[in-house]
Amino acid sequence: MLDRPAELLVYESDGLPGLHRTPLLAVFPATAEAALAVVRELARHGVPFVARGAGTGLSGGALADGAVLLGLHRLKRIMEIDPARRVARVEPGVVNATLTKAAAPFGLHYAPDPSSQTACTLGGNLAENAGGPHCLKYGVTLNHVVAATVALPDGRVVTLTDDADGGYDLLGAFVGSEGCFGVALELTVKLTPNPEAVVTLLADFTSIDDAAQTTSAIIAAGILPAALEMMDQATIGAVESSIYAAGYPTDAAAVLLVEVDGAAAGLDDDVQAVRRICRAHGARDVRVATDATARAKLWQGRKKAFGAMGRLAPHLVVQDAVVPRTKLPTLLARIAEIGATHRVRVCNVFHAGDGNLHPNIPYDASDRDEAARVHAAMQEIMQACIDAGGTITGEHGVGLDKLRYMDALFTPDTLDGMCRLRDVFDPDHRANPGKVVPVRYCRERRPAGLKPADGSRQTADSSEPDGVQRTAYGAQLQPGANS
């Protein structure tokens, strides 16, 4: 347990360096039982808390503003890998890439692969419904979670499963709830068989519009790549001048990284089709990597692009909006205009196949004028994405960073509905207070005061509902018992 200001300093930010909040204190339990004991003690005293994994989030979602920070990174046991059922039981602090490494001897892997997969934890992935390049074909975290044992903010323990039997999909509601519904103590996730063959292609273009048009053309041809990523010239330059250099052509306006996988028989047909489509839409060259070393080098540049941008400036704004694929050319042109108007450098690296944009702006936050221009540019970029029929997050979450855009996307009635759903899990709003939905809609309790707006106090309910089963963690509800 840490409570000195110098010790708490490192927990004031997550992977988005522009936001800072100071926890009341930080607690790091070593077991799920200890984590549950902490949750119950906080419930007894009505104290707000924020669950945190590796701190790699990009929306300020794991920042604790005067609340207790509950760090779960020490809960890192892989309790079981069942190759017959193709599932794994894990604690929330297991690192994403560690699970794939553990599953490799069985010819399996964990498919969702955020760029931070060598550091991010599965509990954090669940909280944000994390994606990654290969989620175009294989789906996001929600599609790979079978069950979750969850500590509700009042200290009760429930097991949520993907088998709702026609009832409420409580697991689906919990995945992506950004820590506002409770704390995951254990996850059961699907493992995916390794493909028989994998081919990665790098196509470079002299026009970013041509690269964007190619994205839609590949999908329209009936080809579903495992991944379809785009990087613009600014991002390529940052990567190639860093230790993550992957051999991308620095004079290209944009590159597409396309990966196809599956049975070896017939895969070459997809490879040749992708090459033809890229050439037909203006690609100067299409490089094909078939061996693991060459493919890993191409992916290194993409996966480490955000880190490479640290060479450009001390701070970085990373955004995460989703638009229809067919709108990519128009949106990318509009983003370039906005960047020029506000005199900021926009670096685009994103999941083109999903239409999931990641416009990034490196800047110096100590320069007030530059910081103001950066935030004005981001506001216009996000509004442009909304106007194009898009939404404000695909995988990074709302957290604190995107609260200001919620009114532009949702009606007051919809935001009220979100608050009502939150009330089912956490009626006192002690779990990750002040996040996702603007405070005025949910009337969040301020961290300094331990009572909700109406003056009442929420305490842990010691009564047990019908159908309780005892587990190592305490009371566990049957599916649907809390619906």
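No value in this document is a laboratory result; all are computed from the given coordinates. Quick caveat: nothing in here was measured; it's all calculated off a predicted structure. Methodologically, a virtual Cβ is constructed for each residue, glycine included, from the backbone with ideal geometry; neighbour enumeration extends over all protein chains shown.
Couple of notes before you dig in:
- Span from the segment 171-238 Cα centroid across to the segment 322-392 one, whole angstrom: 19 Å
- Near the amide H of Ala51, within less than 5 Å, lie the amide hydrogens of Leu70, Asn432, all on another chain or at least 5 residues away, with H placed in the peptide plane.
- Projected label distance in nm at Ala265 and Thr293, using a 7 Å step from Cα toward the beta-carbon: 3.1 nm
- Legend note: in the chain, cysteines whose Cβ sits 4.7 Å or more from every other cysteine Cβ are Cys120, Cys135, Cys180, Cys278, Cys347, Cys385.
- Expressed as a fraction of 2.2 N^0.38 Å, the C-alpha radius of gyration for segment 195-308 is 1.00.
- Inter-site label distance for Asn194 and Ile386 at 7 Å from Cα along Cβ, in nm: 4.6 nm
- Distance from the alpha carbon centroid of segment 49-73 to that of segment 269-302 works out to 39 angstrom.
- Local electrostatic count, Arg373, Cβ distance below 13 Å [Lys/Arg +1, Asp/Glu -1]: -2
- For segment 100-133 versus segment 404-445, the spacing of their alpha-carbon centroids is 29 Å.
- Calculated from backbone phi, Karplus (6.51, -1.76, 1.60) coupling profile of segment 66-74 in Hz, x at Gly/Pro: x, 9, 7, 8, 9, x, 10, 5, 7
- Cross-link pairs Lys327/Lys402; Lys137/Lys190; Lys76/Lys297 - those with Cα-Cα distance over 24 Å: Lys76/Lys297
- In this Cβ point-charge picture (+1 for Lys and Arg, -1 for Asp and Glu), segment 313-409 has a dipole of about 180 debye about its Cα centre.
- Efficiency of FRET from Cβ geometry, Arg404 and Ala6, R₀ 41 Å, rounded to 0.05: 0.85
- Within the chain, helix-based [θ] at 222 nm, where runs of 4 or more DSSP H residues each add -39,500 (n - 2.57), nearest 500: -9000 deg cm²/dmol
- Evaluated with a Cβ-only charge set (Lys, Arg +1; Asp, Glu -1), segment 23-137 carries a dipole of roughly 220 debye about its Cα centre, given to the nearest 20.
- Label-to-label distance for Leu19 and Asp285 is 4.1 nm, based on points extended 7 Å past Cα in the beta-carbon direction.
- Backbone amide hydrogens, once placed in the peptide plane, bring Leu316 within less than 5 Å of Gly18, Tyr363, excluding anything fewer than 5 places away on its chain.
- For Gly262, distant residues with modelled amide H under 5 Å away: Glu196, Ala197
- Kirkwood-based Rg to Rh ratio, segment 313-409, C-alpha trace: 0.94
- Using the Cβ-Cβ distance between Val439 and Arg311 with R0 set to 35 Å, the FRET efficiency works out to roughly 0.40.
- Per-residue HN-Hα couplings for segment 375-390 [Karplus 6.51, -1.76, 1.60; θ = phi - 60°; Hz; x = Gly/Pro]: 5, 5, 5, 5, 4, 5, 5, 5, 5, 4, 5, 5, 4, 7, x, x
- Under Karplus coefficients 6.51, -1.76 and 1.60, residue-wise ³J(HN,Hα) of segment 85-94 in Hz, glycine/proline x: 8, 6, 9, 9, 9, 9, 8, x, x, 5
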